[in-house]
Amino acid sequence: GPVPWAALALLLAAPAAGQPRPSVVLVASDSMDGRLTFYPGNQTVDLPSINFMKRYGTVFLNAYTNSPICCPSRAAMWSGLFTHLTESWNNFKGLDPDYVTWMDLMEKHGYHTQKYGKLDYTSGHHSISNRVEAWTRDVDFLLRQEGRPMVNLTSDRKRVRVMEADWQNTDKAVNWIKEGAINLTQPFVLYLGLNLPHPYPSPSTGENFGSSTFLTSPYWLEKVAYEAIKIPKWSSLSEMHPVDYYSSYTKNCTGEFTQQEVRNIRAFYYAMCAETDAMLGEIISALRDTGLLKKTVVIFTADHGELAMEHRQFYKMSMYEGSSHVPLLVMGPGMKEQQQVPHLVSLVDIYPTMLDIARIPVPQNLSGYSLLPLLCSKAENEVSPSRPRPSWVLSEFHGCNVNSSTYMLRTGKWKYITYSDGQSILPQLFDLSADPDELTNVAIKFPVVVHSLDKILHSIVNYPKVSSSVQEYNKRQFISWKQSLGQNYSNVIAHLRWHQDWLKDPKKYESAIDRWL
């Protein structure tokens, strides 16, 4: 039940306990490329709500996901722990349902809590196809698992509400602010999870279709500056890093694409971002109309980005900027306005930040660090003196469309990406200041840098050991799934999302699996 206020006041007798604690609203979208929130990425599409947050708050220029896929990323955000600690390896395996999230703690400490929309951080969701693709990524075969990326324009010129489900959740949150939040005597924390700008399903690809359609209406497409859209440079297929080639192939992107196709996919994606921005705008307006905005911290972020045909890929699952760089904007009482923060931060920082805002002591075992010292005009309202923030962030990936566990360390101007055991696959090193598009792997050129970054990475996570435990997990899961199907196995496995390729030579693919097992 609710914590008695008198006891709570004693418990929170921090230096600034006289000030009432602010309410918090967190809007988390899916698939939003963080580079769209600052120059030069912001030249391609008009995002007025994000601009409003920048005018009255802080934008983080280097915020990253801890795992570039829906469920593992959200597991990191809700738990404050790196992926290898929660073992949320893929879209099917997330947090244990009884894990104590920051929202649970805030509720325990007197906050009213409210959630709408996409949560997706516990285990057990997403399709069978998604699971089997993740489990079989070590098998020596190449199969297309996605529909070819494409665009689709609604016929209705003035249609504003294209992503109906997201708008319904936004309406619910707005109504709750206007009818519920306004009558509360305690602070609240409101979470709204949006599915946009995630691409839409492509039913034409048959059963178990993936989501490869970028869909919008002319209303949103008009917000995009077509002439500002960059057409990404691609390496030839033979020059691609082997893991990138696997990703591009399984995402059905190794065929020919015209410049017009690529430009359209990017434009439609940006239009979907504009629609997402409008939902954030509805929340901000509701807070303003009710007079709650001045006592509420508003946070906007996303679970990961979207490559939108950069590096000959769409979707995420990659450590390239388009996929791993997320938006993070914060505004509210006591927060600096018009501030751009260059520090490296990541989604695990949300957990300690939420607790810091609520003046709840921050547990020491978290992977993240509170953002308040970077946000606040004055530091005296901190409950616990914060540990110094490290100069790096970590992201890792263990799911489908990538045929080995991937680890990314970002520090200074460098991005270091290493795979599996660190030996069997060449690592990648990018100098983001000289090569922001990440077209030139300089790992061979700078062995000393690679060595020192790998040492830092090893001090954070024994990654060869994690990779092998993921491999064992994948095999175990696959075997028990196979056994559960009995006689139906051959038929079921043939009709997953890769059915178009599989059915050309079922014997070949089944025996590849047998060799792996």
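The values are calculated or read from the model by the stated rules, or taken from the named source; none is laboratory data. This structure is a prediction, so every number in the text was calculated from the model and none was measured. We place every Cβ from the backbone using ideal geometry, glycine too, and count neighbours over all the protein chains shown. The area values use the complete protein model at the heavy-atom level, side chains included, leaving out ligands, DNA and RNA. Shrake-Rupley method; radii C 1.70, N 1.55, O 1.52, S 1.80 Å.
In terms of overall dimensions, the C-alpha atoms belonging to the chain reach 70, 54, 51 Å along their principal axes, ordered largest to smallest. In this entry, the range 209-277 is assigned a mean projected area of 5.8 nm², taken as a quarter of its C-alpha convex hull surface. Backbone geometry of the range 312-329 corresponds, through the Karplus equation with coefficients 6.51, -1.76 and 1.60 at θ = phi - 60°, to 3J(HN,Hα) couplings of 6, 9, 10, 6, 10, 6, 10, 8, 4, 3, x, 9, 9, 8, 10, x, 8, 10 Hz, x marking Gly and Pro.
Roughly how many percent of the accessible protein surface of the range 23-379 is carbon and sulfur, given a 1.4 Å probe and a whole-percent answer? It would help to have the intermediate numbers written out before the result.
Values: 6140 of 12190 Å².
Percent of accessible area from carbon and sulfur atoms in the range 23-379: 50.
Once backbone amide H atoms are built at 1.01 Å from N, V45 has A225 as its partners under 5 Å, excluding neighbours fewer than 5 places away on the same chain.
Just check the range 356-485 against the gyration tensor rule for me: Cα atoms, a ≥ b ≥ c as the square roots of the eigenvalues, rounded for a/c under 1.5, and otherwise prolate or oblate depending on whether a/b exceeds b/c. Oblate is the answer for the range 356-485, as a/c is 1.5 or above yet b/c matches or exceeds a/b.
Taking max minus min of the alpha-carbon positions on each principal axis, the range 265-321 gives extents of 47, 22, 11 Å, largest first.
Compute the helix-to-body angle for 506-516: its Cα long axis versus the longest principal axis of the chain, expressed 0 to 90° and rounded to tens. Taking Cα atoms only, the helix is inclined about 70 degrees. For S459, the solvent-accessible surface computed with a 1.4 Å probe is close to 90 Å², ligands and nucleic acids excluded.
Count the DSSP beta bridges whose two residues both fall in the chain, then state the antiparallel fraction as a percent rounded to the nearest 5. Rounded to the nearest five, the antiparallel share is 50 percent. Taking Cα centroids, how far is the range 319-365 from the range 14-87 in Å? The range 319-365 and the range 14-87 have Cα centres separated by 6 Å.
By the gyration tensor of its Cα atoms, with a ≥ b ≥ c the square roots of the eigenvalues, what is the shape of the range 237-287: rounded for a/c under 1.5, prolate for a/b over b/c, or oblate? Because a/c hits 1.5 or more and a/b exceeds b/c, the range 237-287 counts as prolate.
Residues in the range 333-487 average 44 Å² of solvent-accessible surface per residue, probe 1.4 Å, ligands and nucleic acids excluded.
Let me know the shape class of the range 280-411, please: from the alpha-carbon gyration tensor, a ≥ b ≥ c as square roots of the eigenvalues, rounded when a/c is under 1.5, otherwise prolate if a/b is greater than b/c, or oblate. Oblate, since a/c reaches 1.5 and b/c is not below a/b. What is the calculated FRET efficiency for R387 to T258, with r their C-beta to C-beta distance and R₀ = 41 Å, to the nearest 0.05? Between R387 and T258 the formula returns 0.20. The charge dipole of the range 267-422, taken about its Cα centre with unit charges on the Cβ of Lys, Arg, Asp and Glu (plus for the first two, minus for the last two), comes to roughly 440 debye. In this structure, the amide hydrogen of G94, modeled 1.01 Å from its nitrogen in the peptide plane, lies closer than 5 angstrom to those of S123, G124, counting only residues at least 5 positions away or on a different chain. Sorted from longest to shortest, the spans of the Cα atoms of the range 20-158 along the three principal axes equal 56, 45, 33 Å.
Do you know the relative contact order of the chain, to the nearest whole percent, from alpha carbon pairs under 8 angstrom that are 6+ apart?
On the way: 1039 pairs, mean separation 129.2, N = 517.
Normalised by residue count, the contact order of the chain is 25 percent.
For Q145, the residues 5 or more places off, or on other chains, whose built amide H falls under 5 Å of its own are K251, N252. Stretched out straight at 0.36 nm per residue, the stretch from R288 to K465 would grow longer than its current Cα-Cα span by 58.7 nm.
Please compute, over every Cα-Cα pair in the range 402-454, the percentage with a separation greater than 13 angstrom. More than 13 Å apart: 55 percent of the Cα pairs in the range 402-454. Label-to-label distance for N62 and N175 is 4.5 nm, based on points extended 7 Å past Cα in the beta-carbon direction.
Pairs of lysine residues in the range 254-395 that meet both criteria, 8 or more places apart or on different chains and Cα atoms under 29 Å apart, total 5.
3J(HN,Hα) along the range 68-74, derived from phi through the Karplus expression 6.51 cos²θ - 1.76 cosθ + 1.60 where θ = phi - 60°, amounts to x, 7, 3, 5, x, 5, 5 Hz, with x in place of Gly and Pro. Measuring spread by the Cα atoms of the range 306-364 yields a radius of gyration and Dmax of 15.5, 45 Å. Structural descriptor for the range 75-174: relative contact order 25 percent, calculated from alpha carbon pairs under 8 angstrom and at least 6 residues apart.
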